[in-house]
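Data first, discussion second: the structure below is written as structure tokens.
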Amino acid sequence: MHTTKKGWLAFGASVAAAAMLYTPLVLLPASAAQNLMPNPGFSQVDADGKPVCWQDYGWGENRSDYGLTAEKALRLTMSERTSGDRKVMPAQNTDCAPQVAAGTQYDLSLTYRTSTPNTAITLFKHTAEKGWEYWTDLSTLAVTGEDKQFRVRTPAIPAGVDQLSWGVTAYGDGEAVTRDYSMTAVLADPPRKRCQAGQACPKGQWDVLPYQSPVRGIHAVLLHTGKVLLIAGSGNDPSAFERGSFTSAVYDPAAGTFTSVPTPSDLFCSGHTQLADGRILVMGGNAGYPTEDGKANYKGLAVSYIFDPATNSYQRTNDLTAGHWYPSATTLGNGDVISLGGLDEKSEGSVSVEYFSQEKGRWLAGNEINQTWKFWGLYPSMILTAEGKLFYTGSHVFGNGLDGTGSSLYDYGSGTIRDVEGLQDKDNRDQSMSVLLPPAQDQRVLTLGGGNINTNVAANRHTDIIDLKEKNPRHKPGPQLPQGHMTDGTPQGHGEGKMYLSAVILPDGQVFETGGGLHNRSDPVFEASMFDPKTNTFTEGMATDPVPRGYHSSAFLLPDGRVLAVGNNPGDGSFDQRISVYSPSYLYKGTRSKITSVASKNWTYGSAQQITVDRPVAKAVLIRPAAVTHSSDPNQRSVDLPMAVDGDRLTLTVTANQNMAPPGWYMLFAVDADGVPSVAEWVRVGDA
Amino acid sequence: MRRHRLAALAALALAVVPLLLVLVPLLPAQDEHAEASVERPLVTATTVPAPPTTRYTSPPRPKTPVLLPGGYDGCDHAYGERVQCVPWTFPPGTANGCDWLRQHGFGPLTVRGHDRHGLDTNGDGTACGRGDR
């Protein structure tokens, strides 16, 4: 039905637009109160009875139609759907789609009722360069038989976007009836006073704390208490291993205190991720160091523990099906965990898929797991996609990348693995870092730098960006990593980049890139930059950590908006236990907004959540706390919270897609129009 | 003559432009971008992943193990203390391993296994020690 009509519908829309050439439907950026939607009451209809300047779009196998009801509301119906969607919105042409101004936010509202939970508010954007393209879904609409008003505020319009088209999408069988469409510009806040903090204004500032960590911070996990679990295990010290001396500590950044945690096994080189209830699942670890004759490598443990922030203790769970030294750990949308790769108890590549069932509270036995027996390398970066697949970015630890393209999409349920093309120089991405760019809804991944400890070539400047929303996603080269200087101040040479680097999502939507080195456990590089996912560009010249941060270093976001950095373990065998803290430039812009209340700390998927703030904010985000080691934190993500604004009260819509924000505790930041974040409040996302 | 041509062109333009203004929007050209934009990825779909079934029929585990070469961690553990990491391969362009090691904080190194890099040139059991080149 819809596909054959599309051309005629577009023709009709053009004719209608032409007929209205001299009517006041031509839309221009206007004052805050003006409704920018074309024909918002559907008072003007064409010969087919369709609303002028509105058009349907869609794809896939389904039966769908739209039209006006007797009350001049828009009815969108779908049946027999096996794939695709159908949406109705202002026609994507110059005359009908509202014009917008970059940097401005818009309040969208409509009245609706729907019989299907599979309806969403969908936005398309237009740029001169790319024409019309999908932008985002701001929210799903809850099923209701009675008319309800829905309001939501857009993010700031990206640079280059000159028109917006939005409406309701149906992607399930049922009927959605909508009317009273409105779109109004949000008045900009008055500009802030000029920053008075000198170089900290553009670059931020690092401070090395006056105390050191009592344990080697090889693994760092931010807990929902705001404290940090630092795991050393034997800390890459064979003598500690032989003594059975394994250490962890809980660090309180606010108080500057450390609490020693009895550590029952050598959790050096384990994997870790947050469970739905905020406890930390730790798997694998070190069962043995390499021999002097070079014939044996490290050996992997099969043990697993759950660390409980309430008691600061590890509780043993059942064992994995095999040993894993350097395993990945990714929390899935249902709260389960998949762990892959590493070395097994015999120093061989561990090919067992490990699956932790949240419901059963244990690791599944071998015959309960859909095995593929693939060796995924060491600390493979496995990022959960919106569809529930695991995206292997190509970031890994030690030596060459995997065979094939060095990047793939893995579907656990079907056991299928499909290569993804385009990753540059896949055998030199050892200890690169990959990050799901903010917002998670955009489904784009950035991979930064990398080297190869076996060939010991200089680390490179590659970056790769992939849009997982595309039908056949492939990596595309991004801008080259900025360059810095070596310990003696010598600038980096041609083509020299970094491995061992950290990429940290900040609440303002930027990614802070810091630390790293040039060669295998040597030659630290002092360079830091800010990556802007909206423009795919780096802002170079951020302040650099005075402490070298190479092998066994990590950097991660704190709830107060600062970035904490730990660790460095060069080849001479030393370990730097200093702690550095970076205050991004947004902390020097003046007063921060404050979240003054959060109605509920338990947020269910698809729910609307009420919070209050003490000053105007432009957006709210959820950032998953870090669980990072070896430049690998595949669970790191920032999820936008579409919001409606009523004075100091915000209504935030939680994503309905569990894969977008796997269950667990998140940091809730409110961020103002200048990118200045509040201190985070902690909320738990999950089932009711 | 040239002035007459310009005048004729101007007259033609005056006649044609209004016509185009009326006719062009009537052409069924559609929007040039509309077709490209129709696909909206299902990033918002409500997804409740199914829990794993209790039994999978996985393929048999391969009998060939994944063997990894010595020095997989990038270190030659035949040298020095066990916490140290003499590179398995020196960075390209390194002319003298001992010089490189000294520049990177290493002192003399006990040779505990095979002297792959030839750093103990005088064979006294200490690499990059006195007498080693």
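The values are calculated or read from the model by the stated rules, or taken from the named source; none is laboratory data. Source: prediction; values computed, not measured. We place every Cβ from the backbone using ideal geometry, glycine too, and count neighbours over all the protein chains shown. The protein model used for the area step is the full one, side chains on, heavy atoms only, and it has no ligands, DNA or RNA in it. Shrake-Rupley method; radii C 1.70, N 1.55, O 1.52, S 1.80 Å.
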Quiz item: Could you list, in sequence order, the residues of the stretch A:605-624 that are surrounded by fewer than 19 Cβ atoms within 10 Å (Cβ to Cβ), modelled with pLDDT of 95 or more and among the polar types (S, T, N, Q)?
Solution: A:Gln610, A:Thr612
Quiz item: Which residues, counting only those in the stretch A:137-162, are open to solvent by 40 Å² or more (accessible area, probe 1.4 Å), within 14 Å of chain B (Cβ to nearest Cβ) and either without any contact (Cβ under 8 Å) to a residue 12 or more places away in the chain or in a strand (DSSP E or B) (or both)?
Solution: A:Asp162
Quiz prompt | Among residues of the stretch A:477-503, those that are under 16 Å from A:Ala543 (Cβ atoms) and either touching a residue at least 60 places away in the same chain (Cβ under 8 Å) or in the same structural domain as A:Val676 (by TED's automatic domain parsing) (or both), counted | solution = 3
Quiz prompt | Qualifying positions in the stretch B:54-99 - touching a strand residue (DSSP E or B) at 6+ places or on another chain (Cβ under 8 Å), more than 7 Å from chain A (Cβ to nearest Cβ) and over 23 Å from B:Thr110 (Cβ atoms) | solution = none
Quiz item: Looking only at the stretch A:579-591, which residues are open to solvent by 30 Å² or more (accessible area, probe 1.4 Å) and either farther than 20 Å from A:Phe512 by Cα or small (Gly, Ala, Ser) (or both)?
Solution: A:Gly590, A:Thr591
Quiz item: From A:Phe398, A:Phe375, which residue is facing chain B (nearest Cβ under 9 Å), in contact with an Asp or Glu (Cβ under 7 Å, 6 or more places away or on another chain) and closer than 24 Å to A:Pro290 by Cβ?
Solution: A:Phe398
Quiz item: Within the group B:Gly113, B:Gly107, B:Gly125, B:Gly118, which residue is closer than 18 Å to A:Gly288 by Cβ and open to solvent by less than 60 Å² (accessible area, probe 1.4 Å)?
Solution: B:Gly113
Quiz item: Residue check, A:Asp425 against (1) free of Cβ contacts under 8 Å to residues at least 40 places away in the same chain; (2) away from every other protein chain (no Cβ under 14 Å); (3) open to solvent by less than 40 Å² (accessible area, probe 1.4 Å), all met but one. Which one?
Solution: (3)
Exercise. Spot the failing condition for A:Gly413; the list is (1) within 12 Å of chain B (Cβ to nearest Cβ); (2) within 22 Å of A:Asp508 (Cα to Cα), and only one is missed.
Key: (2)
Exercise. For the stretch A:335-360, name all the residues that are open to solvent by 10 Å² or more (accessible area, probe 1.4 Å) and free of Cβ contacts under 8 Å to residues at least 40 places away in the same chain.
Key: A:Glu348, A:Val351, A:Glu359, A:Lys360
Practice problem: Determine which member of the set A:Phe398, A:Phe391 is surrounded by fewer than 24 Cβ atoms within 10 Å (Cβ to Cβ) and either of a type outside the set (S, T, N, Q) or free of Cβ contacts under 8 Å to residues at least 12 places away in the same chain (or both). | Solution: A:Phe398
Quiz prompt | Candidate set from the stretch A:315-331 (those that are open to solvent by 20 Å² or more (accessible area, probe 1.4 Å) and not polar (S, T, N, Q)); member that is farthest from the other protein chains (Cβ to nearest Cβ) | solution = A:Arg316
Quiz item: Given the structure, is A:Thr321 touching a His at 6+ places or on another chain (Cβ under 9 Å) and either in a loop (DSSP other than H, G, I, E, B) or over 27 Å from A:Ser631 (Cβ atoms) (or both)?
Solution: no
Quiz item: Among A:Ala644, A:Ala627, A:Ala670, which is the only one that is surrounded by fewer than 24 Cβ atoms within 10 Å (Cβ to Cβ) and either more than 14 Å from chain B (Cβ to nearest Cβ) or closer than 22 Å to A:Lys389 by Cα (or both)?
Solution: A:Ala644
